[in-house]
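Visitor: What follows is a structure written as structure tokens; I'll ask about it next.
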There are 2 protein chains.
Amino acid sequence: MKFHVVASDGFARAGEMVLSHGVVHTPVFMPVGTQATVKTLSPQELLEAKAEIILSNAYHLYLRPGIDLIRAAGGIHRFMGWEKPVLTDSGGFQVFSLAKLRKITDEGARFQSHIDGSYHFLTPERVMEIESAIGADIVMAFDQCVAADASYAEVFDALKRTTLWAKRSKEAFEKVGQSYQTLFGIVQGGIFEDLRRLSVEEIVGVGFEGYAIGGLSVGETKQDMYRMLNVLNSVLPFDKPRYLMGVGVPEDILYGIELGVDMFDCVFPTRAARNALVFTHDGRLNLRNKALEYDFRPIDEECDCYACKNFTRAYIRHLHRSGEILGLRLASIHNVTFLIRLAQRAREAILEGNFAEFKRTFLSRYQQGAFLHMMEGEVSSGK
Amino acid sequence: MKFHVVASDGFARAGEMVLSHGVVHTPVFMPVGTQATVKTLSPQELLEAKAEIILSNAYHLYLRPGIDLIRAAGGIHRFMGWEKPVLTDSGGFQVFSLAKLRKITDEGARFQSHIDGSYHFLTPERVMEIESAIGADIVMAFDQCVAADASYAEVFDALKRTTLWAKRSKEAFEKVGQSYQTLFGIVQGGIFEDLRRLSVEEIVGVGFEGYAIGGLSVGETKQDMYRMLNVLNSVLPFDKPRYLMGVGVPEDILYGIELGVDMFDCVFPTRAARNALVFTHDGRLNLRNKALEYDFRPIDEECDCYACKNFTRAYIRHLHRSGEILGLRLASIHNVTFLIRLAQRAREAILEGNFAEFKRTFLSRYQQGAFLHMMEGEVSSGK
């Protein structure tokens, strides 16, 4: 992998990442395809949304369909029919958030599958084997996540273990990783500034091609998240890509970019879409809202996605109310496109040296609109 | 509407139907978009499947979202973003199969909505208003369906009422129908030859631009269905399109074509797809079958649909097992494409004068394959 910062504007950076399956222009939003599919979307639709890289998940693919099948299929790109870059998360977060009866020791994580209750034991070495078989362009080291309300001592413990696992991940990756793959480390440290600094020091000390920020967007306040991003921005190496894991709403993406983040991923845009919640330049909109019954405008008049170019709010509302899958699809296409475009437009603004103005203008309208939608919702809920 | 039979081969006919939104080449399979969407598919995908006409349903659209909205949207084509021809069924079958507490009199049908239990009363006149507002190219007269095991007397009663309603539908359509719309009549008569003959005599006596065969594919035996088609073929006017309602498996489509039918529709291909059941030239295949776990072939090697050109059985199986919507989509795209192509290939065979050979070859392989799939399923279910 080659990465370089093409331009910066304040702390915001426009970068270019050359991976074996294609070039990724940063800042970038990466749609999430947990089970080797971005929920409701086809690879063709992801191309049309101009996705340059998507994310998948070692934990999920290991449990189902299993890595033997993905290896036999020729890797995840061929398995799912997606020729552009893929990043796989290592599963540290899923062990924390999904698995049952987990027991974490320095050796690894023992847990029960959330699907069938079967027992599993993942170590950094085993995770590197799994990610090698999956064959993503970027693979993540195995890390330990803790809850947003974890104590200082718990966060410290997880941080030290994450460092230990980062070293073992790197050593194992050097043996089993495929030559075209790139390994990223993950920084932990919760919402404690000194622990974030310590984690960066240790993980950068191990040495990776890119650095992910784990343990944020897990329930902490926005203020705490931004405070941590500010600290991290000052200590992460400038010349490596920075990836803020699990962030996927417009305001957080823009704050992240402002504080030097290059990559984002989140299930929120597709999950929200399946609940009829869509982004617009004027804030979030609930497509089930009665006020949209006769609204023959697109979801967002400035959006160029398939949903906005061809269908009205009234029609998509009908689909959602009728339980029709096309409704989930159109909302998902829109939300994914919206975040991809947001990062692309942020990049253009950085290249033009006016990111601060872009962010201010976007958020001013977005937050004002959110307020108006809320008021409309209140009125219409009385009908 | 203009229709003419371009060529015939035995009783099989190749026709051309010119409607206001486009030309339909018959024999044709019409995908069903009950709620103004063909389940899981986008209009773009229907175009790629080369659908020339789709079906929607007055009963469903009247109940939800309501015809005021569809009228305000500019009709169903604009509402759902589909520019090619549409046919709306009148709702006679849905009143029979879905509505609750229905009471049928000569005046009309009183029933409770299957959605919210609200009370409704539909008459031929009201249905014509509804179908005019929906704005399909072809609209169906209001008819009364009865169950496959109805007695001779019950079938006779429904037949006479269907004739009465056909007359009133036609009179009402002449007042409220839009100038570009075409009205088809529906023949009833159950599985009684003399009643089928009587119904044709009466409905043709009223006079329509096309004739649908109702009350078949409702649970009767295949033998009874084919027997009725044979009778109908001998008495329906040659120069008008003939539409066999609710038929949508390959063998019935081919038998129907052989007996002079031009148009088919059915929810089966999309409903089966959502249950992982797909058509192939070698019979039906259940995509959840364990035997397909490492099967890296497409669903059908001879199919040119998006699913078959880009994805393996192994991947689509994974999607179905994981509850992923893309799995439902790919199976639906395939099944709809498969039936559309089957009708198109039948048309080519008719034009070349070798329909009988085409049918024999197709069914021989299809039925042999079905047997083999069944054996595979038995073996794999023991794993």
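Visitor: What does the charge dipole of segment A:273-380 about its Cα centre add up to, to the nearest 20 debye, if the Cβ of each Lys and Arg holds +1 and the Cβ of each Asp and Glu holds -1?
Guide: I would put it at about 300 debye.
Visitor: Residues with beta-carbon under 10 Å from that of A:M140, excluding A:M140: net charge, scoring Lys, Arg +1 and Asp, Glu -1?
Guide: Working: positive: none; negative: A:D89, A:E131, A:D143.
Charge balance near A:M140 sits at -3.
Visitor: Let me ask something else about it. Looking at segment B:298-324, which residues lose a minimum of 40 Å² of accessible area between their chain alone and all protein chains in place, measuring with a 1.4 Å probe and not counting ligands or nucleic acids?
Guide: Listed by number, the residues meeting the 40 Å² cut-off are B:Y306, B:Y315, B:H318, B:R321, B:S322, B:E324.
Visitor: With +1 on each Lys and Arg Cβ and -1 on each Asp and Glu Cβ, how big is the dipole of the protein assembly as shown about its Cα centre, in debye rounded to the nearest 20?
Guide: 800
Visitor: Carbon and sulfur: what percent of segment B:2-68's accessible surface (1.4 Å probe)?
Guide: Summing carbon and sulfur atoms, their accessible area is 52 percent of the total for segment B:2-68.
Visitor: To continue, here is another question. When ligands, DNA and RNA are left out and all protein chains stay put, how many square angstrom of accessible area per residue does the protein assembly as shown have with a 1.4 Å probe?
Guide: Solvent-accessible surface per residue comes out at 38 Å².
Visitor: Sticking with this structure for a sec: What FRET efficiency do you get for A:R71 and A:L101 if R0 is 30 Å and r is their Cβ-Cβ distance, rounded to the nearest 0.05? Before the final figure, lay out the partial values.
Guide: Working: r = 28 Å, r/R0 = 0.95.
With R0 = 30 Å, the Cβ-Cβ based efficiency is 0.60.
Visitor: Where does segment A:273-380 land on Rg(C-alpha)/(2.2 N^0.38 Å)? Could the numbers behind the result be given before it?
Guide: Numbers: Rg = 14.4 Å, N = 108, 2.2 N^0.38 = 13.0 Å.
Relative to the rule-of-thumb radius for its length, segment A:273-380 sits at 1.11.
Visitor: If you take the accessible area of B alone, add that of A alone, and subtract the area of the pair, what total do you get in Å², probe 1.4 Å, to the nearest 100?
Guide: 3100
Visitor: Using Cβ-Cβ distances only, list the Cys residues of chain B with no partner cysteine under 4.7 Å, sorted by number.
Guide: Those would be B:C145, B:C266, B:C305, since no other cysteine Cβ in chain B comes under 4.7 Å of theirs.
Visitor: Dividing the Cα radius of gyration by the Kirkwood radius, what Rg/Rh value follows for segment B:53-266?
Guide: 0.94
Visitor: Measuring from label point to label point, each 7 Å out along Cα→Cβ, what is the A:N354 to B:R64 span in nm?
Guide: So the two model labels end up 4.7 nm from each other.
Visitor: Mind checking which of A:L244, A:G205, A:N230 is farthest towards the positive end of segment A:196-251's charge dipole, using Cβ charges of +1 (Lys, Arg) and -1 (Asp, Glu) about the Cα centre?
Guide: Value: A:N230.
Visitor: What FRET efficiency do you get for B:N275 and A:V267 if R0 is 22 Å and r is their Cβ-Cβ distance, rounded to the nearest 0.05?
Guide: Plugging the Cβ-Cβ distance into 1/(1 + (r/R0)^6) gives 0.25.
Visitor: Ok, one more. Using θ = phi - 60° and the Karplus form 6.51 cos²θ - 1.76 cosθ + 1.60, what ³J(HN,Hα) does each residue of segment A:340-355 get, whole Hz, x for Gly and Pro?
Guide: Along segment A:340-355, the couplings run 4, 5, 4, 5, 5, 5, 4, 4, 4, 4, 4, 4, 8, x, 10, 5 Hz.
Visitor: When the helices in chain A are scored as -39500 (n - 2.57) per DSSP H run of 4 or longer and the sum is shared across all residues, what 222 nm value do you end up with, to the nearest 500 deg cm²/dmol?
Guide: -14500 deg cm²/dmol
Visitor: Sticking with this structure for a sec: Given Cα pairs under 8 Å that are at least 6 residues apart, what percent is the relative contact order of segment B:53-266? Walk me through the numbers before you get to the answer.
Guide: Numbers: 400 pairs, mean separation 32.6, N = 214.
Normalised by residue count, the contact order of segment B:53-266 is 15 percent.
Visitor: Hey, another quick one. By how many degrees, 0 to 90 and rounded to 10, does the Cα axis of helix B:124-134 deviate from the longest principal axis of chain B?
Guide: For helix B:124-134, the angle is close to 50 degrees.
Visitor: Distances in nm, one decimal, shortest first, from A:D239 to the same residue in every other copy, taking the label point 7 angstrom along Cα→Cβ.
Guide: When each copy's label point is compared with this one, the spacings are 8.4 nm.
Visitor: Would you calculate the separation in nanometres between label points at B:E201 and B:L164, each defined as 7 Å from the Cα along the Cα-to-beta-carbon direction?
Guide: Taking the simple label geometry, B:E201 and B:L164 are separated by 2.0 nm.
Visitor: Counting only Cβ atoms, what residue of chain B lies nearest to the axis that sends chain B onto chain A, and how many whole Å off?
Guide: Value returned for chain B: B:I325, 3.
Visitor: Which residue, A:Y315, A:F192, A:G74, has the largest displacement toward the positive end of the dipole of chain A when charges sit on each Cβ (Lys, Arg +1; Asp, Glu -1)?
Guide: A:Y315
Visitor: Describe numerically, in nm with one decimal, the distance between label points set 7 Å from Cα along Cα→Cβ at B:K290 and at A:E83.
Guide: Between B:K290 and A:E83, the simple spin-label model gives 3.7 nm.
Visitor: As an exercise, find the ratio Rg/Rh for the protein assembly as shown from alpha-carbon atoms, using the Kirkwood inverse-distance average for Rh. Write down the numbers at each step before the final one.
Guide: Values: Rg = 29.8 Å, Rh = 28.6 Å.
Ratio value, two decimals: 1.04.
Visitor: Same structure, new question: Once amide H atoms are placed 1.01 Å from N in the peptide plane, what residues at a sequence separation of 5 or more from B:A12, or on another chain, have their amide H within under 5 Å of its amide H?
Guide: For B:A12, whose amide H was placed from the backbone, the distant partners under 5 Å are B:G260.
Visitor: Relative to the Cα centre, what is the charge dipole magnitude of chain B, using +1 at the beta carbon of each Lys and Arg, -1 at the beta carbon of each Asp and Glu, and rounding to the nearest 20 debye?
Guide: Using Cβ point charges on Lys, Arg, Asp and Glu, chain B gives about 840 debye.
Visitor: Next up: What do you get for the angle between helix A:152-176 and the principal long axis of chain A? Use alpha-carbon atoms, 0 to 90 degrees, nearest ten.
Guide: Approximately 70 degrees, to the nearest ten.
Visitor: Too long at a 21 Å Cα-Cα cut-off: which of B:K100/B:K160; B:K2/B:K222; A:K103/A:K160; B:K167/B:K240; A:K39/A:K84? Please report the intermediate quantities before stating the final value.
Guide: Details: B:K100/B:K160 23 Å; B:K2/B:K222 32 Å; A:K103/A:K160 16 Å; B:K167/B:K240 18 Å; A:K39/A:K84 17 Å.
Beyond 21 Å: B:K100/B:K160; B:K2/B:K222.
Visitor: Ok, one more. Can you tell which of A:Y306, A:V5, A:G215 lies farthest toward the positive end of the dipole of chain A, using +1 and -1 charges on the Cβ of basic and acidic side chains (Lys, Arg; Asp, Glu)?
Guide: My answer, from the dipole projection, is A:Y306.
Visitor: Please state the relative contact order of chain B as a whole percent: Cα pairs under 8 Å, 6+ residues apart?
Guide: The normalised contact order for chain B reaches 17 percent.
Visitor: For a quick check: with amide H placed at 1.01 Å from N, whose amide H comes under 5 Å from A:C266's, ignoring anything fewer than 5 positions away on the same chain?
Guide: A:M30, A:V32
Visitor: Please report, for A:G205, the nm distances (one decimal) from its label point, 7 Å out from Cα along the beta-carbon direction, to the equivalent points in the remaining copies, shortest first.
Guide: 9.8
Visitor: For B:L183, enumerate residues with amide H under 5 Å from its amide H, sequence gap 5+ or separate chain, H modeled in the peptide plane.
Guide: So B:L183 has HN proximity to B:V139, B:E209.
Visitor: Please report the carbon-and-sulfur percent of the accessible area for segment A:80-192; probe 1.4 Å, protein heavy atoms only, DNA, RNA and ligands left out.
Guide: 52
Visitor: Now for a different question. Starting from the Cα gyration tensor of segment A:335-374, take the square roots of the eigenvalues, sort them a ≥ b ≥ c, and report rounded, prolate or oblate (rounded when a/c is under 1.5, otherwise prolate if a/b is larger than b/c, else oblate).
Guide: It comes out oblate by the Cα gyration axes.
Visitor: Label-to-label distances across copies for B:D304, with labels 7 Å out along Cα→Cβ, in nm, shortest first?
Guide: 3.0
Visitor: Would you kindly compute the Cα radius of gyration of chain A and its largest Cα-Cα separation (Dmax), both in Å?
Guide: 20.6, 64
The values are calculated or read from the model by the stated rules, or taken from the named source; none is laboratory data. On a predicted model such as this, the values are computed, not experimentally measured, just so you know. For neighbour counting, all protein chains shown are included, and Cβ atoms are generated from backbone atoms with ideal geometry for every residue, glycine included. Keep in mind that these areas ignore ligands, DNA and RNA; they rest on the heavy atoms of the full protein, side chains included. Shrake-Rupley method; radii C 1.70, N 1.55, O 1.52, S 1.80 Å.
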